Amino acid sequence: HNSRRDGAPVPLMADDGSGTINLNGGCSGCGGDGLNAVWANATGGDPLPAEFEGFLQQLVGKSGNRLGALLRMVPATVDGYPNYGTVQDHETFKPKRVALTYIASNSGLIPAVDPTTGNEIFAYFPPQLLEKAYDLYKKGGQDEDPSNFVYLMANSPRVEDMVHRRGEWRTQLVQTMGPGGDDFVVLDISAPYSCDGDACALADPPIAVLATTSAAGSPVGTGAA
């Protein structure tokens, strides 16, 4: 199960409020891919652990704290249009913007937050962090000795308009792990909302995965929250 060609993130859970875990795909709001395939791909074929449901519930905030520590991180707010002056073709790139603030936490999540309410709109979880985050869950969390602290993601999201193909611009978010490792992900956050005039609704999916250093893992996301 390789990264989906359309770059659509795979939901961890159904987005219909049922809390159904997307094991094999096909559940309401889950799409066609499932976590069994994603996990096997990320681990080289291992079956999904029986305790994974508890880990996932904690990760998405159904139990325990919602986010890990925010370390070495400056949020990035995307609203309006940058002025690139005479840069070729950029003046035609004007997707409808609804302000969102992107943060990165040491739980591994990259949430998109409404800056006016503080509510999470959706979040993305890089597949290359699955095993590391699950191992930390099995240990019961961080060690009391700070010298044994486990870094997952401790760096700022970088956001910029970039040329995707000749004449085609996209707003891209690049997230590196900082002391958590050498991996990175690149997300297309050009148009999280689909708008008709002033009426906007969250797009499905709100982002696309453009690149990831995960050798085998599929793009994974929590979908709309």
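Tabulated values for the structure
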{"read-out": "Residue match in the stretch 104-112 (condition: out of contact with any Gly (no Cβ under 8 Å at 6 or more places or on another chain) and surrounded by fewer than 22 Cβ atoms within 10 Å (Cβ to Cβ))", "value": "no"}
{"read-out": "Residue 102 vs. criteria touching a helix residue (DSSP H, G or I) at 6+ places or on another chain (Cβ under 6 Å) and either at pLDDT below 90 or closer than 21 Å to residue 211 by Cβ (or both)", "value": "no"}
{"read-out": "Check on residue 178, free of Cβ contacts under 8 Å to residues at least 40 places away in the same chain and at positive phi", "value": "no"}
{"read-out": "Where residue 129 falls short, out of the listed (1) under 16 Å from the mean Cα position of the chain (by Cα); (2) touching a residue at least 60 places away in the same chain (Cβ under 8 Å)", "value": "(2)"}
{"read-out": "Flag if residue 185 is without any contact (Cβ under 8 Å) to a residue 40 or more places away in the chain and closer than 19 Å to residue 70 by Cα", "value": "no"}
{"read-out": "Subset of the stretch 158-214 [modelled with pLDDT of 85 or more, open to solvent by 40 Å² or more (accessible area, probe 1.4 Å) and in a loop (DSSP other than H, G, I, E, B)]", "value": "182, 183, 191, 205"}
{"read-out": "Qualifying residues in the stretch 95-111 (those that are more than 20 Å from residue 135 (Cβ to Cβ) and of a type outside the set (A, V, I, L, M, F, W, C)) - the one nearest to the chain's Cα centre (by Cα)", "value": "111"}
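The values are calculated or read from the model by the stated rules, or taken from the named source; none is laboratory data. Keep in mind it's a predicted model, so treat the numbers as computed, not measured. Every residue, glycine among them, receives a Cβ derived from its backbone with ideal geometry; neighbour counts consider all protein chains shown. When the accessible area is computed, the model is the full protein with side chains, heavy atoms only, and any ligands, DNA or RNA have been set aside. Shrake-Rupley method; radii C 1.70, N 1.55, O 1.52, S 1.80 Å.
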